[in-house]
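*Asks:* Before we start, here is the structure in question, set down as structure tokens.
All of the numbers you see were taken from the coordinates with simple rules; none came from a lab. Please read these numbers as outputs of a predicted model, since none were measured by experiment. Note: ideal-geometry Cβ built from the backbone for every residue, glycine included; neighbour counts use all protein chains shown.
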Amino acid sequence: MRYKKTTLSEALREYKNFQHRLNQFLDDFYSSDKATKELLIKEPPKTEDMRMLALADAIAAILKKKYRLKNVKWNGRFGLDRAWFIIPIEKLKPTLILQSPGEFRCRNIFVPSNYLERI
């Protein structure tokens, strides 16, 4: 059986266990050629969960810019009315506010500066 790479849309289709799926997406994305990278972020998640839509939007914006991808037309549409801290630990909130890349902050999402890095 051939391995099927995880798309951003699949990774963020629902909140439950999203971080595990997102990590798999990032591994697949980073190991792909440019054409495959574009396919992996081509569509937004099919969900009504605004957190997942805004998170996908921020991630797509960063990856589109970093890898100079041109076929990603959907991003730039989603943001949150209320702040969402990926790590919900009260003492970390000031750090996340300072560290979050602009693409996340402008969508009211707060993440560590290395959120999209994989080892």
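*Asks:* How much length is gained on full extension from LYS93 to LYS66, taking 0.36 nm per residue of separation minus their Cα-Cα distance?
*Replies:* So the chain would gain 7.1 nm between LYS93 and LYS66.
*Asks:* How far, in degrees from 0 to 90, does helix 18-30 lean away from the longest principal axis of the Cα atoms of the chain, to the nearest 10?
*Replies:* The helix 18-30 is inclined about 50 degrees to the chain.
*Asks:* Here's another thing I want to ask about it. So how far apart, in nm, are the two label points at THR36 and HIS20 if each is 7 Å from Cα heading toward Cβ?
*Replies:* 2.3 nm
*Asks:* Something else now. Please identify every one of the GluC sites (Glu not before Pro) in the stretch 22-119 that sits in a loop by DSSP and has no more than 11 other beta carbons within 10 Å of its own beta carbon.
*Replies:* Taking the stretch 22-119 and a limit of 11 other Cβ atoms within 10 Å, the loop GluC sites (Glu not before Pro) found are GLU48, GLU117.
*Asks:* Between the DSSP loop rule and a limit of at most 16 other Cβ atoms within 10 Å, which trypsin sites (Lys or Arg not before Pro) in the stretch 1-102 are left?
*Replies:* For trypsin sites (Lys or Arg not before Pro) across the stretch 1-102 that sit outside H, G, I, E and B with at most 16 neighbouring Cβ atoms in 10 Å, the list reads ARG2, LYS4, LYS5, LYS16, LYS42, LYS46, ARG68, LYS70, LYS73, ARG77, ARG82.
*Asks:* Suppose we take every Cα in the chain and form the convex hull; what volume per residue is that in Å³?
*Replies:* In the chain, the Cα convex hull volume per residue is 114 Å³.
*Asks:* Once you have the Cα-Cα distance between LYS5 and ASP27, take 0.36 nm times their residue separation minus that, and quote the gain in nm to one decimal.
*Replies:* Gain on extension, LYS5 to ASP27, equals 7.0 nm.
*Asks:* Roughly what would the spin-label model give for GLU48 and ARG77, points 7 Å off Cα along C-beta, in nm?
*Replies:* Taking the simple label geometry, GLU48 and ARG77 are separated by 1.6 nm.
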